[in-house]
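Encoded as structure tokens, the structure appears first; notes follow it.
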Amino acid sequence: MSKAATKPEFALMAEFRSSRELLHAIEQSQAAGYTQLEAYTPYPIEEVWEALGQHKSKLPLIVLIGGIVGAFTGYLLQYWVSVINYPVNVGGRPLHSWVSFIPVTFETTILFAAGAAVLGMFALNRLPMPYHPVFNVPRFALASRDRYFLAIGSWDPKYDRRATEEFLLGLDPFEVNEVAS
Amino acid sequence: MSEPTASTHERSFPPPADLDGLQSKAWIAAGIGIAASLAGWFLDPTQFYRSYLVSWIFWLSVAAGCLAILMLHHLSRGAWGLMIRRVLEAAARTLPFLAILFIPIVLGLEETYVWARPEAAADELIQHKAVYLNRTAFVFRTVVYLGVWSFFAYGLSRLSLRQDRTGDATLFRRMQVISAPGLGIYCLLTTFAAVDWLMSLDPHWYSSLFGVYFLGGQGIAALAFVILVALYLAQREPMAGAFNAGHFHDYGKLLLAFVMLWTYFAISQLLIIWSADLPEEITWYLERAHGGWKWVSILLVLFHFLLPFLLLLSSDLKRNAKALGKVALLLLAMRWFDVFWLAAPSFEHGHLSFHWLDLATLVGLGGIWLALFLGQLKTRSLVPVNDPYLVEALDNE
Amino acid sequence: MTAPGKPPIVAPGHTPGSVTDQISSIVLTRMPRWWWAAFGASFALVMMLLYALTKLVFEGTGIWGLNIPVGWGFAIINFVWWIGIGHAGTLISAILLLLRQEWRTSINRFAEAMTLFAVACAGLFPLIHVGRPWLAYWLLPYPNTMDIWPQFRSPLVWDVFAVTTYATVSLLFWYVGLVPDLATLRDRARQRLAKITYGFLSMGWRGSATHWHNYETAYLLLAGLATPLVVSVHTVVSFDFAVGQLPGWHATIFPPYFVAGAIFAGFAMVITLAVPLRTLFDLKDFITIRHLQNMGKVMLATGLIVAYGYVIEIFMAWYSGNWFEEFMILNRIQGPYRMQWYALLLCNVLAPQLLWIKRVRSTPALLFVVAMFVNVGMWLERFVIVVTSLHRDFLPSSWGMYAGTRWDWAIFVGSIGLFLALLFLFIRFLPMISIFEMRTIVPKTQAREPDEVSP
Amino acid sequence: MVEVTVDDRSLELPVWILPGHADGSMTIHLGYGRTRTGRVGSGSGFDAYRLRTSRAPWHVAGARIRKIAKHYELASTQLHSNIGLAPGPNEEPGFGVEGVEAERRHLVRVGTLEHFRQEPDFAQHMGHTPPEGLSMYPPWDFPGYAWGLSIDLGACTGCNACVVACQSENNIPIVGKEMVAMGREMHWIRIDRYFEGELEHPHVHHQPVMCMHCEQAPCEVVCPVGATVHSSEGLNDMVYNRCVGTRYCSNNCPYKVRRFNFFKYNDTETPVLELLRNPDVTVRTRGVMEKCTYCVQRINHARIEAEKEERQIRDGEIQTACQQVCPTEAIVFGDVNDPESKVSDAKAKPLAYDILAELGTRPRTSYLAKLRNPNSTLEES
């Protein structure tokens, strides 16, 4: 606890009752020059991440690469096994039975792409992360119910403990909390 | 993009004036094509009938496919279909005319269909099928197919028009009630139509997937055509303000879905027949895997599946009407190749040959069909103005 | 957004807060007494399954009714039946998401869980149906000193890839869908163990805008991948049959016809489970009549595709002029297993026609009855395909008959027990309705401004 | 079941009504009169010696037959055997859907000498034989030996010696009546019997069927672990050690010649039984598929001998077990790559045909059609 006193706080977090209020607050904060903003909502709201300047996710590219790698893995595995490493006459079929190799190639494509989607999503979201300072705010539990939170990071160049709190309180939040780091 | 709710109902969507010009051009193309085809008929009647069959099936796929998409739209009640409903209806209403254009095929039945020739009497297998594959039954069935399709096309069109006039909100429900059995009947009849018109060209061969494959192709043909018409209309008032990227995104997604579906059917059929290697089934594929036909097969793999598939994965492309239009054009062209690939190897066993009559009949029939289509399109408002979903449809992102 | 004439997908009066509380409380409070009874009963069936499996491994496949020519019987029928049932879950989740059908929201979690458990049951059968189950891993490609590999031209190897991919992707899809809800439970749980468990499983989910953005993208992409996957899985299952030369198996229509049949069976199972559950857990607000109606329509549509398959199969058997094919159909209609075939027509073709009537679609009890018919009918369909085709094939001299033994039945019924037991555990420990997605749609379905309701 | 009574002795036994058996008569096999015959035989069969007396061992008169209300399960390896068997005048028409199946499929091809003189290759036109080389795949070459087999249906008497020989040569387990009744007999070669003609006096045809060793074997394609693959000499090899027992191969085998070890049929624990077995043939365990190998152990034995002497294997040097015991020499085995071999000679005959050739499996086992030379006056009566 003594450490907490010396350590600067992580962020200031304002709690709002509706997504409209949250969006309004984001606009106001950006207008006021704050850049290190993060919003927490109980369900996905496209306008919120759009407002925070996140337009394109890198994920589709990751998935595409995953799919291509999967397709090649699947096909080459079958080719190598059936033609190079273990060539046998099976029912008079050619060693390189490309028609028969389609289903497995398809499945590995999907498997790798789906794996890339899930792992990519967790990686981009920096998860798993069991501890995060925002959990220190007791009311943050409501972020998974029906409350909307806006946090301004303490590393924001325009951040000032007192002025920022004043600013946030001016946005008509339910309340403003300090996020201990 | 969205319009205020109140005003949409008052907006009107009359067909743009330059549809008349386009229609005249279509008639001119039809005239040239028909003249050339007639010349071809004098020079080489056999080739004429064969080319004509391919061209007719191609244009029929577009028209009949539009009927199917129309019913799908009514069934799903999706907003996506409202913007193109009038295009679909107009295309579907050309079906009775296509029935008239079927007459030359009946006249040249012996030139195109082996089973219609006298020597078929010596073939045990064809004799087995003679109850089904004979001139009378064939013509009768085709009349039934086109009659039933036309019935649904006109029935739905009439209700849709009445909805424009009265604004009766229960009409969309009625169109849905018609479409549910309609789509089922459509699929069943199309399956048999595919057997009659295409599969029976090689009367020894059979595949139970064939009808479904043909249906998938029709979906592509119709959607590609609709996208092109939508692109044309979107560049002109009054639709310029109504179409947005969201609409094309939806059509692109549907097109992608149908491309995948078609590919799925094509691969399934090939895989099953390839793996079992039954002599009675493989001859059909062997004809298409050797000689020049091999290249047509490869063409289909690359440009009917691979390239459009990869392009349509991109949502940017789907939202870009012009780029989507190019893909649609490519797919429409590949639809012709697919019909050609299904039909022609069975005429001339072994070698690939294109004939100028293939093009002449395609242009001739296409000109007539497009002119008929545009004639139908002109008669109505381009959007069903009193549909309860219109606000949602216009608002589609 | 609600179009005219459609009943709502969430009963009026709900807010994000109320849906969160109501759904999470099912998990976080004690289970009703009937739960224990039901779980106990299904657990007893699992014990029977284990006993039968032990017997099977110790004595051999011979305890089943199999023979030559009928080399595949209950195990494969059950496998196809279960995996077909699984398909509805993915379909509801993935395809309806892509089609932006919001009514999926309240049933998708539950349907996905159903998928997983059905796939688990399905996955059991290929493993145990082989003569030497302890060597079933030989179907996997793994490097070994003998340099021996699976044979990639065999549909069974495709099956291994398809089913494992399907199981993996379904699990991932389900888990990804659960993460925000696990975070919700973490925030609501009182007990320390529950807090830690849900906290661990939710990986530190915070619901930040970045999280949601990547999450939504991932979820959509997974749906886009799961859709062709689910089609491919039953297609590969159909290849198990269609790739062979056997009349009644070798038909090109099989892939789409099997996929439709799978969806048909799957929706029947969703209805079978949803109708009682919505009453027992008082979820009528979330699984509304509209859901049941829509599922009824999907069942009708896929049922018609299945009927189309029957028609085409019969027509092509005649049109082909191939006597083996013609005989196969005649044998179905007139042969010793004709009663199964007629029952199948009754269950799969006639009974679903009731769904044309709106009254049937909107009466849960009637819908449940139709769904039960379809559950039975789809099992019979696989019986007809597997057994009726095999028992009289090319050489009349080797024709034979087949009947399941009590061990066949024990394992089949046991697998139903396993499925139910897993389902009851799921209901106990995880939210059976996606809470965060309900939060998403509640504002849209409510006329008033729900955000302004105080906590 | 019926009760047969001779004087005061009676015997209850089941009857099986067969086509062609004279009305009002019944055939009872004496068998060996045993009641205890080990694991698989005890409790099966009937002791017909009870009807016999030592006073008149070969003839008794006054037997009476009476139908009794009991049922007895008979086990048979073949349940259907009609081809074109027309019902007699008082018979119920039709045998159900299975009626005349075998005839339509042209499995047994029979002609008269007269027919043969007019059209020597009539047998080849009875079914649909696809053109040679019609396939989606490039052809496989079989340089060196290419084993094949030919069976002359005209010579086969249906004596079953081949079945027994195969059984002892290849360590094939005896599975007992209960298993046979379930359709789980293990014979690698079987004799299919078909009745043709009228129910009262049909013709009987016998057709030995074993693995056809198809060049495009449907069984091999579907095996997920490659437990059944093709050898360079055209044998359809079965790798017992690799087999996991999916039974997919059997399902896809049009000839249904594959046999599955549903239980552990072979007794490998009793030491004395080891002496019973052919040491050159693997004893199969539970859960694996097995089938005719063309007596591959004999092929390899001959190969070793030939290599020792640095020569080719001579035609006739290898005899399969079934061939060896066939009293009518209906079975011929050899190298089909060698145009001089007896098997090539047999396959070149106009009577040669493949069964189920329309499936494109290209079997290495082929048949010679049966020729009959009926006396027209006798036949008419």
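The values are calculated or read from the model by the stated rules, or taken from the named source; none is laboratory data. Please read these numbers as outputs of a predicted model, since none were measured by experiment. Here the Cβ is made from the backbone with ideal geometry for all residues, glycine too, and neighbour counts use every protein chain on show. The accessibility values were calculated without ligands, DNA or RNA, using every heavy atom of the protein model including side chains. Shrake-Rupley method; radii C 1.70, N 1.55, O 1.52, S 1.80 Å.
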For the range D:1-74, with only Lys/Arg (+1) and Asp/Glu (-1) charged at the beta-carbon, what is the dipole magnitude about the Cα centre, in debye rounded to 20?
240
What average count of beta carbons from other chains do you get within 10 Å of the Cβ of residues in A:75-84?
3
So with the 1.4 Å probe, I'd like the accessible area per residue for chain A, rounded to whole Å².
46
From the C-alpha gyration tensor of the protein assembly as shown, square roots of 5λ in Å:
63, 42, 29
Please list D:CYS211, D:CYS159 in order of solvent-accessible area, largest first, computed with a 1.4 Å probe with all protein chains present.
D:CYS159, D:CYS211
If you take each beta carbon of peptide D:211-223 and count the beta carbons of other chains within 10 angstrom, what is the mean?
6
So who's got an amide H within less than 5 Å of the one on D:GLY334, skipping anything under 5 residues away but keeping other chains? H placed 1.01 Å off N, in plane.
D:GLY148
Please give the charge dipole size of the range D:201-264, origin at the Cα centre, charges +1 on K and R Cβ atoms and -1 on D and E Cβ atoms. Round to the nearest 20 debye.
380
Mind checking C:321-334 for the average number of partner chain beta-carbons within 10 Å of each residue's beta-carbon?
4
For the range D:1-74, what does the alpha-carbon gyration tensor say about shape, rounded, prolate or oblate, given a ≥ b ≥ c as the root eigenvalues, a/c under 1.5 as rounded, and a/b over b/c as prolate?
oblate
Contour minus end-to-end for C:ARG406 and C:TRP34, with contour as 0.36 nm per residue of separation and end-to-end as the Cα-Cα distance?
131.0 nm
Under the rule a/c < 1.5 gives rounded, and otherwise a/b versus b/c splits prolate from oblate, where does the range C:1-119 land using the Cα gyration tensor?
oblate
Quick one: pull the percentage of alpha-carbon pairs in the range C:248-308 with a separation above 16 Å.
50
Using protein chains only (no ligands, no nucleic acids) and a 1.4 Å probe, work out which residues of the range D:283-307 have their accessible area cut by at least 50 Å² relative to the chain alone.
D:ARG286
Scan of chain A for chymotrypsin sites (Phe, Trp or Tyr not before Pro) in DSSP loops with at most 15 other beta-carbon atoms within 10 Å gives a longest site-free stretch of A:1-97
Tell me, what HN-Hα J-couplings in whole Hz come from the Karplus equation 6.51 cos²θ - 1.76 cosθ + 1.60 at θ = phi - 60° for each residue of the range B:107-117, using x for Gly and Pro?
5, x, 3, 5, 6, 9, 9, 4, 5, 8, 8
Protein accessible area in the protein assembly as shown, 1.4 Å probe - carbon and sulfur %:
63
Looking at C:LEU45, B:THR136, C:VAL298, which one has the Cα that reaches farthest to the positive end of the dipole of the protein assembly as shown (charges on Cβ: Lys, Arg +1; Asp, Glu -1)?
C:LEU45
In whole Å and largest first, what semi-axes does the C-alpha gyration tensor of the range A:59-124 yield when each eigenvalue is scaled by 5 and square-rooted?
30, 9, 7
Furthest towards positive pole of dipole, D:ALA302, D:ALA146, D:MET136, structure part the range D:100-376, Cβ charges
D:MET136
Quick one: helix A:19-31 against the long Cα principal axis of chain A, what's the angle to the nearest 10°, folded into 0 to 90?
80
Using Cα pairs closer than 8 Å and at least 6 residues apart in sequence, work out the relative contact order for chain B, in percent.
37
Using Cα pairs closer than 8 Å and at least 6 residues apart in sequence, work out the relative contact order for chain C, in percent.
34
What does the C-alpha gyration tensor say about the overall shape of chain D? Classify as rounded when a/c is under 1.5, otherwise prolate if a/b is larger than b/c, or oblate.
oblate
Could you order peptides C:34-47, C:384-397, C:404-417 by the average number of other Cβ atoms within 10 Å of their residues, highest first?
C:384-397, C:404-417, C:34-47
So which of D:LYS177/D:LYS264; B:LYS318/B:LYS378; D:LYS67/D:LYS177; C:LYS297/C:LYS358; C:LYS55/D:LYS264 end up more than 18 Å apart by C-alpha?
B:LYS318/B:LYS378; D:LYS67/D:LYS177
Heavy-atom accessible surface that A and C bury in contact, both chains counted, 1.4 Å, Å² to 100
5400
Normalised contact order of the range D:1-74, rounded percent, pairs of Cα under 8 Å and 6 or more residues apart
46
Sum of side-chain charges, B:ALA137 neighbourhood, beta-carbon under 14 Å (Lys, Arg +1; Asp, Glu -1)
+2
Just add up the charged neighbours of A:ARG162: K/R +1, D/E -1, any other residue whose Cβ is under 13 Å from the Cβ of A:ARG162.
-3
May I ask you to list the lysines whose Cα is less than 24 Å away from that of D:LYS347, ignoring any residue fewer than eight positions away on the same chain?
D:LYS256, D:LYS291, D:LYS370
Charges only on Cβ, +1 for Lys and Arg, -1 for Asp and Glu: so what's the dipole of chain A about the Cα centre, in debye to the nearest 20?
700
If you fit an axis through the alpha-carbon atoms of helix C:289-319 and take the longest principal axis of the Cα set of chain C, what angle between them do you get, 0 to 90°, nearest 10?
20
Which one, A:PRO94, A:PHE106, A:PHE149, is farthest towards the positive end of the dipole of the range A:74-181 when Lys and Arg carry +1 and Asp and Glu -1 on their Cβ?
A:PRO94
What angle do you read, to the nearest 10 degrees and between 0 and 90, between the alpha-carbon axis of helix B:171-197 and the longest principal axis of chain B?
20
How large is ³J(HN,Hα) for each residue in the range C:242-251, as worked out from phi by the Karplus curve 6.51 cos²θ - 1.76 cosθ + 1.60 (θ = phi - 60°), to whole Hz, x for Gly and Pro?
5, 6, x, 9, 5, x, x, 10, 7, 8
